[in-house]
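Undergrad: Provided herewith is a single structure, encoded as structure tokens, for subsequent inquiry.
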Amino acid sequence: MEKLHLPIIIEIDEDGYYIVSCPVFKGCHSYGETGRRGNGEYIKEVIEMCLEENKVEDLNKFVGFRELEVAQNA
């Protein structure tokens, strides 16, 4: 069994809901009210479903995360 190390992105929206995404799959998201959504437990199930439909060699390649500073006019 091959083990994959996949990136996940965790966000909290304006209503306090957790949104967890795996950027190597299109549409691979988990969404919920509690921190359990943010710890990877639920996104793992979604990733497993995505792996059933996609070949590993066809996945998007995650390059990295960067922060960009942008001026906001108030």
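Undergrad: Do you know which of the residues in the range 1-32 that are more than 14 Å from Ile47 (Cα to Cα) and part of a loop (DSSP other than H, G, I, E, B) is modelled with the lowest pLDDT?
TA: Among those residues, the one meeting the criterion is Met1.
Undergrad: Just for the range 34-56: of the residues that are part of a loop (DSSP other than H, G, I, E, B) and either surrounded by fewer than 15 Cβ atoms within 10 Å (Cβ to Cβ) or in contact with an Asp or Glu (Cβ under 8 Å, 6 or more places away or on another chain) (or both), which one is modelled with the lowest pLDDT?
TA: Thr34
Undergrad: Does Tyr31 satisfy being open to solvent by 100 Å² or more (accessible area, probe 1.4 Å) and under 11 Å from the mean Cα position of the chain (by Cα)?
TA: Yes.
The values are calculated or read from the model by the stated rules, or taken from the named source; none is laboratory data. Note that the structure is predicted; figures quoted are calculated from it, not measured. Using ideal geometry, Cβ is built from the backbone for each residue, glycine included, and neighbour counts are taken over all protein chains shown. SASA here: full protein model, heavy atoms, side chains in, ligands and nucleic acids out. Shrake-Rupley method; radii C 1.70, N 1.55, O 1.52, S 1.80 Å.
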